[in-house]
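Chemist: Below is a structure I'd like to ask you about.
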Amino acid sequence: MPEDHKERVALFRYSVVSEAVSDRLSPAERGLVVRALATRPWVTPDGDERFISRTTIDRWVAAYRRDGLRALEPEARSDKGRGRANPELMAEAVRLRRQVPARSAAQIVEIIARAHGVQLAERTVREHLSRSGVSRAAISADPVKAFGRYEASRRNEIWIGDVLIGPFVPHPRLPGSKRAKLFVLVDDYSRLLVAGRWMTEENTRAGQEVLRSAICRRGVPEHAYFDNGAPYRSSQLERTCAVLGVHLVHSKPYTPMGRGKQERLNRYIRERFLTEAEAAGIKSFEQLNDDFSAWAEQVANTRVHAETKKAPITRFLEAGPVELPDAQLVREAFRWSVTRRVTKTATVSLYANRYEVDPGLIGRNVELRFDPEDLTVIDVVTNGVTICQAAPFKIGRHVHPSVSKEEEPTATEQDGPRIDYLGLVKMADDEAKGSGRIDFKDIRLPGFEGDIEQGEVL
């Protein structure tokens, strides 16, 4: 079986069981989750819709908890010679489904085996039920959903991610400007703005960069809830979540239930940050990100939230310091993976680069794992084991095409004195990171000679 197909199957199986593998669940709670997962349809990597039996889900959960993602890869099939189904038994399966729509294919197989003494293949029965128009998805008006509750009960239980489209910003490598896109992550429990960064591109690499910085600083979330935008619909993000043990969830198209908190935060960012940034003048992406980082720490995360009645950072830290993941695990999680065939000259190609590998791999499909920011170091993997490191033979590109160069600040003059709100916030953030908090009464503003009275609004 091709390596890339094995990984696709493993990632699909993890997407099924990810909600049930958490160490926080008791055996009874895990059983309830597994039963719920067995009642909903899943779209396989082949594009087929099918139900997965509880026994299969239990087996996948145990395998992942024992050996990780690699244990979910399919093994070579060994058929056990089950009897071929006849039309009468298939008609009986349809009748059993119509009688009780909630019956799974596995349950129908068991009923037929006990009643007629013939053991049918569960997959054969499932496919016949689907072709006959009696799949549970087709005859159930309101199927049970496994991920129904959407109110986090603790920090890092659910992170919500989104992309906010911002203003045009001067670009150092283009004659004009480029529209800024804010990748932002929010902790559902505390409403903490976990991470946010303005990017020039809206792609998978940009989203992963923000997610990695958030995880390194705030810990690993149990669930990551995203919309269906291109940055969040990629095999690379699926692999990241699978390695870290994160349950990746996407909102339904056109029914983004549970995203109200994110939409309110986006509006708050526009009203409280972007209006001030545009009034002051945005000179570069670097300046925009510096100002946003300071504003997030000094304003957004320290204000008293209207619903929780606490500052987000206070509520987030009530449980004590967060447990940060192992650096080596994070590195592995954010490496990218592609499959390539080794040529007769013992080389592989990757983004216009060529690499030499072990001659014993000639003619085989191998998995290449790499950091998109450094294409000079490539690990060659087969069956989950690193065989060797590819030796650069011809390097024309040192980073992945989606990785943009560092933004360079550009300078523009501001005419006349004004109160630089974001500048004050940035000064407060710098002071907080240094010797302590800043006293705004001691600040002299350009064009303002008097003292600022306590309580006066700037």
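Chemist: Which residues, taken from the stretch 7-65, are out of contact with any helix residue (DSSP H, G or I) (no Cβ under 9 Å at 6 or more places or on another chain) and under 22 Å from Ser235 (Cβ atoms)?
Modeler: Correct list: Asp46, Gly47.
Chemist: OK, next. Considering the stretch 48-77 alone, what residues qualify as being surrounded by fewer than 14 Cβ atoms within 10 Å (Cβ to Cβ) and not in a helix (DSSP H, G or I)?
Modeler: Correct list: Asp48, Pro74, Glu75, Ala76, Arg77.
Chemist: May I ask you to list the residues in the stretch 197-238 that are touching a Pro at 6+ places or on another chain (Cβ under 7 Å), buried (at least 21 other Cβ atoms within 10 Å of the Cβ) and over 30 Å from Arg173 (Cα atoms)?
Modeler: Selection gives Ile215, Val220.
Chemist: Okay, next question. Condition (residue is of a type in the set (A, V, I, L, M, F, W, C), in contact with a helix residue (DSSP H, G or I) (Cβ under 6 Å, 6 or more places away or on another chain), at pLDDT 90 or above and closer than 24 Å to Thr376 by Cβ) applied to the stretch 326-335: is it met by at least one residue? So that I can check it myself, show each step before the final result.
Modeler: Here is the first cut: in the stretch 326-335, the ones of a type in the set (A, V, I, L, M, F, W, C) are 327, 329-330, 333-334.
Subset that is in contact with a helix residue (DSSP H, G or I) (Cβ under 6 Å, 6 or more places away or on another chain): 333-334.
The next check asks that each one be at pLDDT 90 or above; those that pass are 333-334.
Narrowing further to those that are closer than 24 Å to Thr376 by Cβ: 333-334.
Scanning the stretch 326-335, I find at least one residue that is of a type in the set (A, V, I, L, M, F, W, C), in contact with a helix residue (DSSP H, G or I) (Cβ under 6 Å, 6 or more places away or on another chain), at pLDDT 90 or above and closer than 24 Å to Thr376 by Cβ, so the answer is yes.
The values are calculated or read from the model by the stated rules, or taken from the named source; none is laboratory data. Keep in mind that what you see is a predicted model, and the values were worked out from it rather than measured. We place every Cβ from the backbone using ideal geometry, glycine too, and count neighbours over all the protein chains shown.
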